[in-house]
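The values are calculated or read from the model by the stated rules, or taken from the named source; none is laboratory data. As the structure is a prediction and not an experimental result, all values here were calculated from the model. Cβ placement follows ideal geometry from the backbone for every residue including glycine, while neighbour counts extend to all protein chains displayed.
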2 protein chains.
Amino acid sequence: MQEILVMVEEKEYVKARDLLLKNNEVDIAEILEEILEELDVDAAIIMFRMLPKDVSVEVFSYLPSEDQVDIISGITEREISYIIEELDFDDKIDVLEELPANVVDKILEKTTKEERRLINTFLNYPENSAGSLMTPDYISLRDNMTVGEALAHIKKEGMDSETVYTCYVKEEGRKLEGIVSLRSLVIHDDNMKVSELMSTDYVYVNVYDDQEEVSEAFKKYGFLAIPVVDSEHRLVGIITVDDILDVIEEETTEDIERMAGVMDGSDTEYLDMGVFRHAKNRLPWLILLSVSLMITGSIIEQFEATLQQVVALTFYLPLLMGTGGNTGTQAATLIIRGLSLGDIELKDTLKVFWKEFRVSIILGIVLSAFNFAKIMLIDRESVQIAITVCASMMAVVIFAKLIGGMLPMLAKRLGIDPALMATPMISSLTDMVSSFVYLLMATAVLGISL
Amino acid sequence: MQEILVMVEEKEYVKARDLLLKNNEVDIAEILEEILEELDVDAAIIMFRMLPKDVSVEVFSYLPSEDQVDIISGITEREISYIIEELDFDDKIDVLEELPANVVDKILEKTTKEERRLINTFLNYPENSAGSLMTPDYISLRDNMTVGEALAHIKKEGMDSETVYTCYVKEEGRKLEGIVSLRSLVIHDDNMKVSELMSTDYVYVNVYDDQEEVSEAFKKYGFLAIPVVDSEHRLVGIITVDDILDVIEEETTEDIERMAGVMDGSDTEYLDMGVFRHAKNRLPWLILLSVSLMITGSIIEQFEATLQQVVALTFYLPLLMGTGGNTGTQAATLIIRGLSLGDIELKDTLKVFWKEFRVSIILGIVLSAFNFAKIMLIDRESVQIAITVCASMMAVVIFAKLIGGMLPMLAKRLGIDPALMATPMISSLTDMVSSFVYLLMATAVLGISL
């Protein structure tokens with residue numbers, strides 16, 4: 001790869017192209033990305049235009065959309081039309097979605113009326129819906145075909161279909177009647193009927209279903225493809241498993257980022273995102289957290305008199321707040337992940353409560369004992385302080401584990417994304433509670449009046 | 001589903017079975033799980049034994065392994081042998097791995113010598129290696145076959161193969177020569193040679209590669225199956241995409257849990273894990289964090305005199321520590337995810353540093369301004385305190401974003417899992433630094449000598 005970059009930099013394009021073509025199309029796309037990033041757009045465009053036509057279309061489909069737009073801007077209209085025409089339908093829609101409207105119009109002018117209508121329909125499905133993921137290029141059969149006729153049909157249409165491994169049997173009026181796998185066609189005799197082989201209790205998704213539901217179905221059933229139907233149960237497209245791998249990745253990233261208090265939802269990569277956009281994505285939670293941390297500050301302020309008399313109390317404040325945050329985050333993370341995988345459901349709320357309660361007792365005892373020893377033996381503070389800190393710790397750990405376990409469940413019940421109930425949310429709550437519990441207990445145990 | 005549960009509870013097994021059989025095998029497995037969980041093992045075993053034999057094998061393969069062991073314990077040896085024999089090879093290995101050794105021995109006694117040797121080889125591949133995921137049931141072809149001969153071969157062998165959609169062309173000595181898709185066989189003429197259609201620059205994995213590398217390859221290239229070869233490039237098995245969906249889920253869960261300071265690595269579901277095991281998984285980080293929080297406490301102790309004189313300083317300690325933790329966590333999470341998706345690489349270290357630095361300046365300014373206004377207008381504290389808090393906040397945000405961005409990169413360079421550099425680690429570091437910076441600045445600005 002480094003070698004190719006050097007060649008391109010030294011303008012030895014033909015040598016670079018020959019070396020480039022020794023790679024798989026996915027890898028060629030990766031090297032072009034690298035050229036775009038390390039060198040410049042012009043060099044990448046030159047290399048792209050030097051690829052054989054059929055290779056260039058495939059390579060184009062593997063480029064990230066920002067890079068596709070860069071390439072498009074540097075090639076001729078005829079080249080653009082060729083690429084768009086040759087792309088698989090679902091990739092075509094993805095590219096058209098990213099291009100500026102005037103470029104899209106120019107491209108659509110050159111397509112047939114039928115194709116234009118289809119593209120417009122697909123462009124109008126909401127982002128992240130099954131409709132936005134599907135392709136209309138599938139093999140469709142009739143139930144009265146024989147296996148031999150079906151295989152002949154696949155031989156004719158198979159080149160342009162997204163997959164040939166699952167075929168769809170349609171009634172008059174485009175209603176989906178059943179599905180049949182190519183495996184089943186290939187291993188059965190030529191004169192059997194498709195109707196004898198097709199399965200009619202297939203799983204399908206609706207065109208407006210969210211992509212998360214679609215990926216759940218793939219994970220649950222292990223399909224290679226899933227049919228997408230409209231409200232009248234007409235087959236409008238199919239979604240294949242390779243597109244779902246991207247969806248799973250995207251959804252997980254969104255979850256993980258939300259759990260850390262980063263709001264984005266676009267699939268722009270970290271390095272491609274501008275500094276202001278990064279700041280904007282992170283600010284809302286930080287401001288909210290500032291407010292909650294101020295409240296924690298005000299709670300502490302109420303105990304000014306206590307702190308004034310025993311400043312040593314302050315030294316253990318981070319310990320209690322931090323332990324609350326950490327134990328709560330552990331519970332919340334496990335529950336959020338369990339909910340998103342379907343391992344935990346709403347009906348398990350009591351089980352979660354009971355489990356977290358018992359776990360918190362064990363952890364509370366161990367952590368309190370550990371800290372009691374440290375406070376007495378190393379810090380050599382009074383036994384009153386040690387008792388205050390450890391009793392508060394017990395209370396804080398129990399509270400944190402329960403709130404960490406219950407808040408995601410509550411969010412789920414209210415239809416809010418449980419991922420929002422992770423670290424930032426949990427630790428602000430535990431901060432408030434732990435400082436309050438600790439200082440209240442200190443005031444009581446140390447017998448200091450407020 | 002609820003209906004079936006009620007029928008089973010009322011011992012109306014036949015009615016329950018008939019209703020059960022209206023479902024897809026995946027769903028039947030789910031309902032059996034529910035019966036095991038809500039009712040008891042015996043009821044689940046009765047229902048399982050009432051399923052038609054072929055259905056029962058498939059249902060069995062979809063059960064989680066703990067439930068498989070439960071079912072196995074309640075059925076006859078003959079039934080066990082039947083199920084094991086009929087399972088797909090990779091599912092068979094998964095089941096055998098979970099069963100107690102004496103049961104495995106009994107099952108192996110009944111298999112042929114050849115099969116027993118193969119099973120033992122597969123059982124010995126390390127957990128999480130490509131070898132532990134693969135199956136030896138694939139279609140293998142010779143390069144001198146015609147398409148017609150290849151299809152006839154697939155017709156004969158296709159029933160027992162994990163997939164027929166990618167076929168593997170082997171030389172003498174089991175060396176993998178090329179791969180050819182069923183699509184390509186089906187759309188080409190019967191008298192073409194396999195050697196003309198096969199692709200020889202296929203992607204493969206080694207039998208000892210980690211499952212994470214395997215899933216990367218699937219995500220990158222969008223395959224349905226990938227060949228697994230040994231050190232002499234002999235084809236030993238294949239891995240199909242449906243098994244990879246589970247791997248991706250498992251790896252992501254491990255990452256997410258590590259990021260929250262939970263150490264487990266098994267794929268036991270939350271609700272199925274015992275309380276002590278939960279406590280054990282969470283304790284190591286909590287103890288470590290206790291120590292770091294104690295250090296933070298000691299840092300604060302050094303400023304006892306300052307705090308004694310201006311107790312108000314304590315009220316803003318949570319704000320600074322919390323903001324440090326939150327901003328650092330955001331950066332760390334984005335970088336960890338970026339590294340795990342391959343969007344960010346080690347060579348991007350400087351870019352990450354520069355981006356986080358600029359983001360932190362923006363966020364630092366906004367947060368400081370917001371807090372300055374609040375301290376002056378609402379708290380009505382002195383301007384010295386406001387300046388101290390806001391200047392410290394600026395420093396803390398910059399430090400937190402940089403440490404959050406750089407620690408995961410450093411971990412990666414050292415070969416440590418970057419996921420360990422998330423919330424707990426980052427917030428302990430920022431806690432120490434923020435309390436130190438804040439109190440030092442307070443001491444300076446307020447002109448109080450230590």
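Rundown of residues vs (1) surrounded by 21 or more Cβ atoms within 10 Å (Cβ to Cβ); (2) within 10 Å of chain A (Cβ to nearest Cβ); (3) of a type in the set (D, E, K, R), yes/no style:
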position: B:Val229; (1), (2), (3): no, no, no
position: B:Arg234; (1), (2), (3): no, no, yes
position: B:Asp243; (1), (2), (3): yes, yes, yes
position: B:Glu249; (1), (2), (3): no, yes, yes
position: B:Glu257; (1), (2), (3): no, yes, yes
position: B:Gly261; (1), (2), (3): yes, yes, no
position: B:Thr296; (1), (2), (3): yes, yes, no
For segment A:167-183, the count of residues that are hydroxyl-bearing (Ser, Thr, Tyr) and either without any contact (Cβ under 8 Å) to a residue 60 or more places away in the chain or within 10 Å of chain B (Cβ to nearest Cβ) (or both) equals 1
(1) crowded, with 17+ Cβ neighbours inside 10 Å; (2) on the phi > 0 side of the Ramachandran plot all hold for A:Cys390 apart from (2)
Flagged in segment B:345-388 as among the charged types (D, E, K, R) and either in a helix (DSSP H, G or I) or at the interface with another protein chain (Cβ under 8 Å from one of its Cβ atoms) (or both), in numbering order, are B:Lys347, B:Asp348, B:Lys351, B:Lys355, B:Glu356, B:Arg358, B:Lys374, B:Asp379
Scanning segment A:88-108 residue by residue, the ones that are closer than 17 Å to A:Asp70 by Cα and assigned to a loop (DSSP other than H, G, I, E, B) total 2
Checked segment B:1-48 for anything in contact with a helix residue (DSSP H, G or I) (Cβ under 7 Å, 6 or more places away or on another chain) and among the basic types (Lys, Arg); matches are B:Lys15, B:Arg17
If we keep only residues of segment B:186-204 that are of a type in the set (S, T, N, Q) and within 12 Å of chain A (Cβ to nearest Cβ), then the residue farthest from B:Lys155 (Cα to Cα) is B:Thr200
Scanning segment B:278-294 residue by residue, the ones that are facing another protein chain (nearest Cβ under 7 Å) and of a type in the set (Val, Ile, Thr) total 1
Based on what the data block shows, is A:Val433 within 25 Å of B:Tyr316 (Cβ to Cβ), more than 13 Å from chain B (Cβ to nearest Cβ) and at pLDDT below 95? no
*asked:* Condition (residue is of a type in the set (A, V, I, L, M, F, W, C), touching a His at 6+ places or on another chain (Cβ under 6 Å), within 7 Å of another protein chain (Cβ to nearest Cβ) and in a helix (DSSP H, G or I)) applied to segment A:270-277: is it met by at least one residue?
replied: no
Selection from segment A:356-393 of residues touching a Leu at 6+ places or on another chain (Cβ under 8 Å) and touching a residue at least 24 places away in the same chain (Cβ under 8 Å) yields A:Glu356, A:Phe357, A:Ser360, A:Leu363, A:Leu367, A:Asn371, A:Gln384, A:Ile385, A:Thr388, A:Val389, A:Ser392, A:Met393
Filtering segment B:255-271 down to residues that are of a type in the set (Asp, Glu) and out of contact with any helix residue (DSSP H, G or I) (no Cβ under 6 Å at 6 or more places or on another chain) yields B:Glu257, B:Glu269
- Message: Can you find a residue that is in contact with a helix residue (DSSP H, G or I) (Cβ under 9 Å, 6 or more places away or on another chain), of a type in the set (Lys, Arg), within 14 Å of chain A (Cβ to nearest Cβ) and not in a loop (DSSP other than H, G, I, E, B) anywhere in segment B:143-159?
- Response: yes
For segment A:306-335, pairs from a residue that is more than 7 Å from every other protein chain (Cβ to nearest Cβ) and on the phi < 0 side of the Ramachandran plot to a residue that is among the acidic types (Asp, Glu) and not in a helix (DSSP H, G or I), with Cβ under 9 Å and 6 or more apart or across chains, are A:Ala312/A:Glu381
- [ ] Within segment A:9-24, identify whether any single residue is within 14 Å of another protein chain (Cβ to nearest Cβ), assigned to a loop (DSSP other than H, G, I, E, B) and in contact (Cβ under 8 Å) with a residue 40 or more places away in the chain, and answer yes or no.
- [x] no
Exactly one of A:Asp264, A:Asp190, A:Asp246, A:Asp210 is without any contact (Cβ under 8 Å) to a residue 24 or more places away in the chain and in the same structural domain as A:Lys175 (by TED's automatic domain parsing), and that one is A:Asp246
Of the listed residues (B:Leu271, B:Leu313, B:Leu307, B:Leu289), the one being hydrophobic (A, V, I, L, M, F, W, C), surrounded by 15 or more Cβ atoms within 10 Å (Cβ to Cβ) and closer than 30 Å to A:Phe353 by Cα is B:Leu289
When B:Leu108 is run through (1) exposed (fewer than 14 other Cβ atoms within 10 Å of the Cβ); (2) at pLDDT below 80, the failure sits at (1)
Taking segment A:28-38 and keeping only residues that are surrounded by 16 or more Cβ atoms within 10 Å (Cβ to Cβ) and either free of Cβ contacts under 8 Å to residues at least 24 places away in the same chain or in contact with a Lys or Arg (Cβ under 9 Å, 6 or more places away or on another chain) (or both), one is left with A:Glu30
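How many of the residues making up segment B:138-166 are touching a residue at least 60 places away in the same chain (Cβ under 8 Å) and surrounded by fewer than 19 Cβ atoms within 10 Å (Cβ to Cβ)?
First pass over segment B:138-166, keeping only residues touching a residue at least 60 places away in the same chain (Cβ under 8 Å): B:138, B:140, B:162-163, B:165-166.
Now narrow it down to the ones that are surrounded by fewer than 19 Cβ atoms within 10 Å (Cβ to Cβ): B:140.
Selection size over segment B:138-166: 1.
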